Ligand SMILES: Nc1ncnc2c1ncn2[C@@H]1O[C@H](COP(=O)(O)OP(=O)(O)OP(=O)(O)O)[C@@H](O)[C@H]1O
Ligand SMILES: [Mg+2]
């Protein structure tokens, strides 16, 4: 089998369309993973024992089951229960919640690392609990977490081909589409690998930059 | 009634089975400067932390301005205080910590303006003007834009004092504010304290191992041992003529360690 540059040029626009969806899903999924992860971490610190238990159970449950199963559940089972999600929405929710269970551990560790004296100073300054989180704890806890969070976002990016299983037309399913209709897999699949690699290669130095930028002081 | 600002009545505090404060009683007059001294582990920090509501107590009553700190009145009976009550009580009290506890992600000026803006709704410009006055008072006006990590320990502690003053508390608690400092930086903090002591009518409670400073600064000295007050009196009496043998032993040890009293 010979490598056919002409065919590559022909399918490239479609692949790039797919890549756009892949990146969009990663971006939205990352935002959800960060927000929900923070939410899980905060709920797990609640004074209400029932809330911590239920959150702990939900987090363990999501983390303990395969992402693919969760995606199927969101896209094919929820409509039977009356909740119809578009493929991309279901994909973003699945990715975001799944990775939120990991980012919540990052948030938890970062919050626990904030010295007790900071909570006490905030109380001595008479800040409310909300003001303490918003102005004292999170602004110093989050920057050191950014590299670890970004690592999960890169991992999420590499798992986006799973979304093709719920009919999201991302990079992988575009590639499979053109491959199937042309009976040629070499170029589409190679280009998928190359595109993923390109993005990862950009992400790695960006990660290092983040690590250096947010390395904890002292 | 109005001549006690703090009234501590039979307060007991335990950590597990370890009793740290035992039936502690004392009261403080408005404007009084009080020094709390005593051996390590005698409960001096604990009583300050309790007044700041950083700790709770097992029994007894603490009153600030006649009002219970950890209880509030509801339908004629006392019930445990809720967050709103504690919040209101905390407006009367400020604290300076041994390890400064500045907010490391905020510059000096923002450290001082944060709480007045958030808790009292002071406008930014007003908060900053007031903060600059306070920084000037502690000799750090030129460091307003510095980050805490760029300051020496003595400078950090002076910022922490300015931060506490910014909320204009009537009671200030100082917990060994110089003991984490290099010896050559102690004096710059003590001189700020001295100036506050002589120019304000704030009530000040000071835990310290600096006996000569306690001597000069305080109107009254409380000697703590094992969660109780063993002896109290004006510094001239307590330091030169202690009656209790544990006080004598403690002061003897301090002098043997090379401190002047
Ligand atoms: N969080 C805690 N858990 C358990 N025990 C504690 C805790 N905090 C303090 N203690 C104990 O309470 C006792 C009193 O402590 P406190 O810090 O009030 O003493 P102190 O008089 O300030 O001593 P120092 O001069 O060393 O600062 C000590 O025996 C200490 O070990
Ligand atoms: Mg202490």
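Scanning the stretch B:199-239 for residues that are without any contact (Cβ under 8 Å) to a residue 40 or more places away in the chain and away from ligand 1 (no atom under 16 Å from the Cβ) yields B:199, B:200, B:216, B:233, B:234, B:236, B:237, B:238, B:239. Note on the stretch B:66-79: among residues that are over 17 Å from the mean Cα position of the chain (by Cα) and closer than 20 Å to residue B:24 by Cβ, the one that is nearest to ligand 2 (Cβ to nearest atom) is B:70.
As a summary of the residue check, residue B:180 satisfies the conditions (1) surrounded by fewer than 22 Cβ atoms within 10 Å (Cβ to Cβ); (2) touching a helix residue (DSSP H, G or I) at 6+ places or on another chain (Cβ under 6 Å) except for the one numbered (2).
Exactly one residue out of B:163, B:145, B:170 is free of Cβ contacts under 8 Å to residues at least 60 places away in the same chain and away from ligand 1 (no atom under 16 Å from the Cβ), and it is B:145. Of the listed requirements (1) outside any loop (DSSP other than H, G, I, E, B); (2) within 14 Å of chain A (Cβ to nearest Cβ), residue B:133 misses just one: (2). State all residues of the stretch A:177-218 that are free of Cβ contacts under 8 Å to residues at least 60 places away in the same chain and touching a helix residue (DSSP H, G or I) at 6+ places or on another chain (Cβ under 7 Å); if no residue qualifies, say none. Matches in the stretch A:177-218: A:179, A:185, A:189, A:196, A:200, A:203, A:217.
Of the residues in the stretch B:1-8, not one is within 16 Å of ligand 2 (Cβ to nearest atom) and within 16 Å of residue B:224 (Cβ to Cβ).
Restricting B:45, B:12, B:91, B:53 to residues that are under 27 Å from residue B:186 (Cα atoms) and modelled with pLDDT of 95 or more narrows the list to B:45. Would you confirm whether any residue within the stretch A:153-172 is surrounded by fewer than 16 Cβ atoms within 10 Å (Cβ to Cβ) and within 14 Å of another protein chain (Cβ to nearest Cβ)? No, the stretch A:153-172 contains no residue that is surrounded by fewer than 16 Cβ atoms within 10 Å (Cβ to Cβ) and within 14 Å of another protein chain (Cβ to nearest Cβ). So is residue B:222 away from chain A (no Cβ under 14 Å), within 15 Å of ligand 2 (Cβ to nearest atom) and either within 26 Å of residue B:22 (Cβ to Cβ) or part of a helix (DSSP H, G or I) (or both) or not? When the stated conditions are applied, residue B:222 passes them.
Of the candidates A:139, A:87, A:144, the single residue that is within 14 Å of chain B (Cβ to nearest Cβ), crowded, with 18+ Cβ neighbours inside 10 Å and closer than 26 Å to residue A:27 by Cβ is A:144.
Every test in (1) in contact (Cβ under 8 Å) with a residue 24 or more places away in the chain; (2) touching a helix residue (DSSP H, G or I) at 6+ places or on another chain (Cβ under 6 Å); (3) farther than 19 Å from residue B:33 by Cα is passed by residue B:242 save one, and that test is (1). Among residues of the stretch B:173-184 that are within 8 Å of residue B:207 (Cα to Cα), none has a beta-carbon under 8 Å from a residue that is part of a loop (DSSP other than H, G, I, E, B) and more than 15 Å from ligand 1 (Cβ to nearest atom) at least six positions away or on a different chain.
Count of the stretch B:13-43 residues, restricted to those that are within 16 Å of ligand 2 (Cβ to nearest atom), part of a strand (DSSP E or B) and in contact with a strand residue (DSSP E or B) (Cβ under 6 Å, 6 or more places away or on another chain), is 8.
On the basis of being part of a helix (DSSP H, G or I) and within 30 Å of residue A:186 (Cα to Cα), does residue A:2 make the cut? In short, no.
The values are calculated or read from the model by the stated rules, or taken from the named source; none is laboratory data. From a predicted model like this one, the values you see are computed outputs, not experimental measurements. Cβ coordinates were reconstructed from backbone atoms using ideal geometry, including for glycine residues, and neighbour counts include every protein chain displayed.
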